[in-house]
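Below is one structure, written out as structure tokens, with a few remarks after it.
The values are calculated or read from the model by the stated rules, or taken from the named source; none is laboratory data. No experiment lies behind these values; they were computed from the predicted model shown. In this analysis, Cβ positions are derived from the backbone assuming ideal geometry, glycine residues included, and neighbour counts consider all displayed protein chains. Protein only, heavy atoms only, side chains kept; ligands, DNA and RNA dropped before computing areas. Shrake-Rupley method; radii C 1.70, N 1.55, O 1.52, S 1.80 Å.
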Amino acid sequence: MTMTTLYSAMSLPVRPSLWSGLLRLLRSWADALATYWMRRDAIKTLRQLDDRALHDIGISRCQIESAVAGDVDGLELVRLR
């Protein structure tokens, strides 16, 4: 005797609705805006430091924006004098 199993619950392909797409778009814009504000705040804070404090953390004044952006290629990895 052979037993078979029937699955009656078929899954339909998921189609994103217009609202879910709009919500994802708004969330990505909000995330980008929040990231922009945090980077601008970090740049402002670093610009308020004197040259000695910047030297202590290993960047020069002209490298502030590259350091905040995480652009390692833009930073010269040499010892500051």
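A few remarks follow.
- Interatomic Cα distance distribution for the stretch 24-64, bins of 10 angstrom, percent: 28, 36, 21, 14, 2
- Label-to-label distance, Leu25 versus Ser66, with points set 7 angstrom from Cα along the beta-carbon direction: 3.7 nm.
- With the whole protein complex present, Asp31 retains an accessible surface near 80 Å², based on a 1.4 Å probe.
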